[in-house]
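Undergrad: Structure provided below as structure tokens; questions to follow.
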Amino acid sequence: MEIPQLSLEKVGGNPMCFGCGKENPHSLKLNFHEEGDGVKADFVPSECHQSWPGFVHGGVMMAVLDEAIGWASFIKNIYCVTAKIEVRLRTMGKIGEHLIVTARIDRQSKRTLDMSAEIKRPDGTIVAEASSVQFIVR
């Protein structure tokens, strides 16, 4: 995989972020905190996140996983962008159910991070999982 040289303005907080923006009316409103070697947030999907009636759209699940991965690097002061992400939807998430998303850095090289994330139900059932390669922004 070719690794491009990336240079982006580092942002300390983006109120319009689709994943965590507090001022974006369409935001997922995810609020991550550091836990163990990664990050964790709660997510309760609403009707605006559905595909089949009563179930969460797969693209929304992917966005939640991607946001968690971004926060797992950001909280370590490593700024990244997604180069590759692979998502496995194990079961359908339900509208209104409490879901827990976690993410962590699995391996770091000079210019990339290998990362993983999961969305689980409180009983530990895995709803979705992702592995990702992130380009480190200079």
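Since every read-out is calculated from the coordinates, none of them should be taken as a lab result. Everything numeric in this text was worked out from a predicted model, so none of it was measured. Glycine also receives a Cβ, built like all others from the backbone with ideal geometry; neighbour counts cover every protein chain displayed.
Undergrad: Which listed residue (A68, A130, A83) has the Cα farthest towards the positive end of the charge dipole for the chain, taking +1 on Lys and Arg C-beta and -1 on Asp and Glu C-beta about the Cα centre?
TA: The Cα lying farthest towards the positive end belongs to A83.
Undergrad: Taking the Cα centre of the chain as origin and charging only Cβ (+1 Lys, Arg; -1 Asp, Glu), how large is the dipole, in debye to the nearest 20?
TA: Details: 16 positive and 17 negative charges, 54 e Å.
The calculation lands at about 260 debye.
Undergrad: Among all the lysines, which ones have a C-alpha under 24 Å from K110's C-alpha, if same-chain residues fewer than 8 places away are not counted?
TA: Leaving aside lysines fewer than 8 places away in the same chain, those within reach of K110 are K10, K76, K84.
Undergrad: Considering only the other residues whose Cβ falls under 12 Å of the Cβ of H33, what net charge follows from Lys and Arg at +1 and Asp and Glu at -1?
TA: Net local charge, H33 excluded: -2.
Undergrad: Which net charge results when you count Lys and Arg as +1 and Asp and Glu as -1 among the other residues whose beta-carbon is under 13 Å from that of G54? Display every interim value, and only then the final one.
TA: Working: positive: K94; negative: E47, E97.
Net of charged neighbours comes to -1.
Undergrad: Could you check the simple spin-label distance between T125 and H26, using points 7 Å along Cα→Cβ, in nm with one decimal?
TA: 3.1 nm
Undergrad: Moving on to the next point. What distance in nm separates the simple spin-label points at E34 and N14, each placed 7 Å from Cα in the Cβ direction?
TA: The answer from the label model is 2.2 nm.
Undergrad: Let me ask something else about it. How large is the Kirkwood hydrodynamic radius of the chain, counting all unique pairs of alpha carbons, in Å?
TA: 15.3 Å
Undergrad: To continue, here is another question. With contacts defined as alpha carbon pairs under 8 Å and 6 or more residues apart, what's the relative contact order of the chain in percent?
TA: Relative CO of the chain lands at 25 percent.
Undergrad: Taking only Cα atoms and a 10 Å spring cutoff, compute GNM fluctuations for the chain and point out the largest among A83, A103, A72.
TA: Per the Cα network of the chain with a 10 Å cutoff, A83 tops the list.
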